[in-house]
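Below: the structure, in structure tokens.
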Amino acid sequence: MRLARMIQAVDAHACGEPGRVIVGGVLDVPGKTMLDKMHHLQTHADSLRKLMLREPRGYPAANCNLILPPTCPEASAGYVIMEQTEYPGMSGTNTICVTTVLLETGMVPMCEPVTELTLESPAGLIRVHAECAGGKVRKVTFRNVPAFAVYLDKKIEVPHLGTVVVDVAYGGMFYVISEAAPHGLKLTPDEGREIVRIGEMIKAAAQEQLPVVHPTQPALVGITIGILTAPANQKGAHAKNAVIVSTGKLDWQRPATWTGAIDRSPCGTGTCARMAVLYAKGKLRLNEDFHHEGILGTIFTGRLVEETQAGPYRDVVPTISGRAWITGFCNYVLEEDDPFQEGFTVGDIW
């Protein structure tokens, strides 16, 4: 057997959302910062993302993280996040998975009962507080990059749906947020197909009608994720959401064929964006816990700890707490004569 490449990875999930962590097989990526490295992968080496996230090694709801040497001396490790259609600057579930893998495999020394570390994401430095016991990471709390609301209660016109009221906020990615009830949805797993279809339609319309650019990182541009919200079901939760990630291109002429995947967790950066909107509307104060429920009933706890001003928006610094579990240790290989050098997608599940 002649191999074109071999990649070592640790598979994990954070409250249901899968987060594969590449720990070997890629020594480094060109770039002076983690954001530069992300752009290099995006423009010159996107085959790695496709190989790891498409079939036969991946599936529509999969995410992947590449561990890299940090470019900032205060960081213990760097990481680039890869999803089905984009390279996010930051992701909460992936950060929780990366932290858990780094500590539980010994790549970064674990200190019990608490390990403090700094990770370098493309969006910036992420301060992490990991509660550890018996060699396990029991809880991860990270201080995210500043979040902010851009549009509040904006009306957009969505083909096939009509007028929809939305908010747009940044929590590590730009999110468009709208209520599920007007579309007859309660955000239960059996509604998955309709959640994706409606979420993708709203997101596509918002992308066209509500332009956004990060005020201090102009490379981060455009709405890329959609959120539908509903009342909570779990005791103690304040709200529920379903986050919709695209897995293919949108065609307004064929909306029934649109494909996407629901974040299985409550979504870390989505929770940050939601909290920024609630804060801007006076519905959430600093240093109040916000228990956010995902479609599986799992919960992330968010908190806004500080108000800042880095651009034209009123920024708030959020923290997110959650947990991840390792599910496997894998050697992924690519043979030289494999006809699917970048994986494949088929319309039945994509």
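The values are calculated or read from the model by the stated rules, or taken from the named source; none is laboratory data. Everything numeric in this text was worked out from a predicted model, so none of it was measured. Cβ atoms come from the backbone with ideal geometry, glycine included; neighbour counts cover every protein chain shown. Accessible surface areas use protein heavy atoms only, side chains included; no ligands, DNA or RNA. Shrake-Rupley method; radii C 1.70, N 1.55, O 1.52, S 1.80 Å.
Gly347 meets all of the listed conditions (1) out of contact with any helix residue (DSSP H, G or I) (no Cβ under 9 Å at 6 or more places or on another chain); (2) surrounded by fewer than 17 Cβ atoms within 10 Å (Cβ to Cβ) but one, namely (1). Among residues of the stretch 272-288 that are outside any loop (DSSP other than H, G, I, E, B) and open to solvent by 30 Å² or more (accessible area, probe 1.4 Å), those with a beta-carbon under 7 Å from a residue that is of a type in the set (S, T, N, Q) and at pLDDT 95 or above at least six positions away or on a different chain give the pairs Arg274/Asn241. Of all the criteria given as (1) at pLDDT 95 or above; (2) assigned to a strand (DSSP E or B), the one not satisfied by Thr71 is (2).
Taken over the stretch 311-350, residues that are over 29 Å from Arg49 (Cβ atoms) and more than 19 Å from the chain's Cα centre (by Cα) amount to 5.
Pull up the stretch 234-252, narrow it to residues that are at pLDDT 85 or above and of a type in the set (D, E, K, R), then point me to the one that is nearest to the chain's Cα centre (by Cα). I'd like the intermediate steps shown before the answer.
So in the stretch 234-252, the residues at pLDDT 85 or above come out as 234-245.
Still in the list and also of a type in the set (D, E, K, R): 235, 240.
Details: Lys235: 25, Lys240: 17 Å.
Across the stretch 234-252, the extreme among qualifying residues is Lys240.
The set of residues in the stretch 21-64 being out of contact with any Asp or Glu (no Cβ under 8 Å at 6 or more places or on another chain), in contact (Cβ under 8 Å) with a residue 24 or more places away in the chain and among the aliphatic types (A, V, I, L, M) consists of Ile22, Val23, Val26, Val29, Leu35, Met38, Leu41, Leu48, Met52, Ala62. Has the stretch 255-270 got any residue that is within 21 Å of the chain's Cα centre (by Cα) and surrounded by fewer than 13 Cβ atoms within 10 Å (Cβ to Cβ)? No, the stretch 255-270 has no match at all. Any residue at all in the stretch 199-215 that's open to solvent by less than 50 Å² (accessible area, probe 1.4 Å), outside any loop (DSSP other than H, G, I, E, B) and touching an Asp or Glu at 6+ places or on another chain (Cβ under 8 Å)? Yes, some residue in the stretch 199-215 is open to solvent by less than 50 Å² (accessible area, probe 1.4 Å), outside any loop (DSSP other than H, G, I, E, B) and touching an Asp or Glu at 6+ places or on another chain (Cβ under 8 Å). If you filter the stretch 54-68 down to residues that are of a type outside the set (D, E, K, R) and in a strand (DSSP E or B), you find that the one that is surrounded by the most Cβ atoms within 10 Å (Cβ to Cβ) is Leu66.
In the stretch 299-310, the residues that are over 11 Å from Tyr279 (Cα atoms) never reach a residue that is surrounded by 12 or more Cβ atoms within 10 Å (Cβ to Cβ) and basic (Lys, Arg) with C-beta atoms less than 7 angstrom apart, at least six apart or across chains.
When the stretch 216-241 is filtered for residues that are polar (S, T, N, Q), touching a residue at least 60 places away in the same chain (Cβ under 8 Å) and more than 28 Å from Met34 (Cβ to Cβ), the ones remaining, listed by number, are Asn233, Gln234.
Please work out if Glu120 is loosely packed, with under 15 Cβ neighbours inside 10 Å and in contact with a Cys (Cβ under 7 Å, 6 or more places away or on another chain).
Details: loosely packed, with under 15 Cβ neighbours inside 10 Å: no; in contact with a Cys (Cβ under 7 Å, 6 or more places away or on another chain): yes.
No: the conditions fail for Glu120.
(1) at pLDDT below 95; (2) surrounded by fewer than 19 Cβ atoms within 10 Å (Cβ to Cβ): which one isn't true of Gly172, the others all being true? Of the numbered conditions (1) at pLDDT below 95; (2) surrounded by fewer than 19 Cβ atoms within 10 Å (Cβ to Cβ), the odd one out for Gly172 is (2).
Look through the stretch 142-169, keep the residues that are in a strand (DSSP E or B) and within 30 Å of Thr100 (Cβ to Cβ), and return whichever of them is most open to solvent (accessible area, probe 1.4 Å). The residue in question is Arg143.
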